[in-house]
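Inspection log for the structure reproduced underneath, given as structure tokens.
The values are calculated or read from the model by the stated rules, or taken from the named source; none is laboratory data. As the structure is a computational prediction, the values presented were derived from the model and not from experiment. Cβ coordinates were reconstructed from backbone atoms using ideal geometry, including for glycine residues, and neighbour counts include every protein chain displayed.
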Amino acid sequence: MPTPRKTLLLTGASRGIGHATVKHFHAAEWRVITVSRQPFDKICPWPQGEKDHIQMDLDDMDAFPDALAHIKAKLAEPETGGQLAALVNNAGISPKLPGGKRMGVLDTDLVAWRSVFNVNLFATALLARGLFDELKAARGSVVNVTSIAGSKVHPFAGVAYATSKAALAALTREMAFDFGPHGVRVNAIAPGEIDTSILSPGTEEIVEKQIPMRRLGKPSEVAQLIYFLCTSQSAYINGAEIHINGGEHV
């Protein structure tokens with residue numbers, strides 16, 4: 001019987017880091033199942049992309065039972081064998097004030113708090129819990145995408161986003177502790193300024209004054225780190241949060 005093809009489930013796949021990660025794993029001959037609130041974009045350059053795309057709003061907590069059933073059905077297909085080698089929680093939202101200004105404590109209402117924490121934190125826990133058996137069967141890996149904003153005040157990231165990412169770092173440690181005995185590793189990466197379409201005006205000043213390497217990161221560089229954490233090359237890394245920001249955190 002042939003060995004099941006390795007499968008990645010990735011949230012937030014429609015642009016930037018998510019898009020680069022799909023391409024990197026596909027080039028390594030993994031099957032990639034994507035989850036996004038956006039429908040599949042026909043310009044995405046990987047085969048079976050539309051077939052393996054699940055449109056879901058992670059802010060909708062009531063949608064999780066049906067979404068998990070849909071994901072499990074895809075994982076049960078013969079080429080995957082019911083196993084999930086990697087879960088990458090990349091989806092995240094960061095609401096802004098008019099003009100792209102950050103939302104501080106005085107600007108953020110309960111609706112915004114709930115929405116951000118649903119997508120950035122609670123969805124991660126619910127997906128990992130719901131897919132634990134499939135991860136265990138593959139002795140798989142989970143990678144949570146946090147942020148430099150989770151450990152320092154950022155000029156563009158709002159309070160709900162920043163605190164949700166700090167909480168996600170703590171969740172990563174808790175998951176690593178709970179899942180490690182079952183052969184499932186859980187780690188996080190904390191990107192800084194990455195060259196994507198969601199960069200805020202004023203990023204150039206951060207690059208000049210706060211990043212020792214004096215450049216933006218590339219989505220492909222982040223994708224390579226995610227891939228490393230999902231392979232045997234990182235077999236003894238568990239519960240870590242790895243900065244990828246050109247030294248901006250120092």
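Can you confirm whether residue 199 is under 28 Å from residue 30 (Cα atoms) and either buried (at least 21 other Cβ atoms within 10 Å of the Cβ) or modelled with pLDDT under 95 (or both)? When the stated conditions are applied, residue 199 does not pass them.
With the condition kept exactly as written, say whether any residue in region 63-78 is touching a residue at least 24 places away in the same chain (Cβ under 8 Å), of a type outside the set (D, E, K, R) and within 21 Å of residue 16 (Cβ to Cβ). Looking through region 63-78, none of the residues is touching a residue at least 24 places away in the same chain (Cβ under 8 Å), of a type outside the set (D, E, K, R) and within 21 Å of residue 16 (Cβ to Cβ). If you check residue 176 against the conditions, is it assigned to a helix (DSSP H, G or I), closer than 25 Å to residue 13 by Cα and modelled with pLDDT under 95? Spelling it out, it is not the case that residue 176 is assigned to a helix (DSSP H, G or I), closer than 25 Å to residue 13 by Cα and modelled with pLDDT under 95. Residue 65 satisfies every condition listed in (1) part of a helix (DSSP H, G or I); (2) closer than 29 Å to residue 233 by Cα except (2). Of the residues making up region 99-109, just one is modelled with pLDDT under 90 and crowded, with 18+ Cβ neighbours inside 10 Å, namely 102. Inside region 18-35, residues that are on the phi > 0 side of the Ramachandran plot and of a type outside the set (D, E, K, R) make up a count of 0.
Rundown of residues vs (1) modelled with pLDDT of 95 or more; (2) crowded, with 20+ Cβ neighbours inside 10 Å; (3) in contact with a strand residue (DSSP E or B) (Cβ under 7 Å, 6 or more places away or on another chain), yes/no style:
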site: 70; (1), (2), (3): no, no, yes
site: 75; (1), (2), (3): no, yes, yes
site: 85; (1), (2), (3): yes, yes, yes
site: 97; (1), (2), (3): no, no, no
site: 111; (1), (2), (3): yes, no, no
site: 117; (1), (2), (3): yes, no, no
site: 130; (1), (2), (3): yes, no, no
site: 139; (1), (2), (3): yes, no, no
site: 147; (1), (2), (3): no, yes, yes
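Of all residues in region 224-250, those satisfying the criterion of being modelled with pLDDT of 95 or more and part of a loop (DSSP other than H, G, I, E, B) are 230, 231, 235, 236, 237, 238, 239, 240. Here residue 53 meets the list (1) at pLDDT 95 or above; (2) more than 30 Å from residue 159 (Cβ to Cβ) almost entirely, failing just condition (1). In region 1-45, the qualifying residues are those that are under 15 Å from residue 219 (Cβ atoms) and more than 16 Å from the chain's Cα centre (by Cα), and the one that is modelled with the lowest pLDDT is 45. Only a single criterion out of (1) under 21 Å from residue 141 (Cα atoms); (2) not in a strand (DSSP E or B) is not satisfied by residue 8, namely (2).
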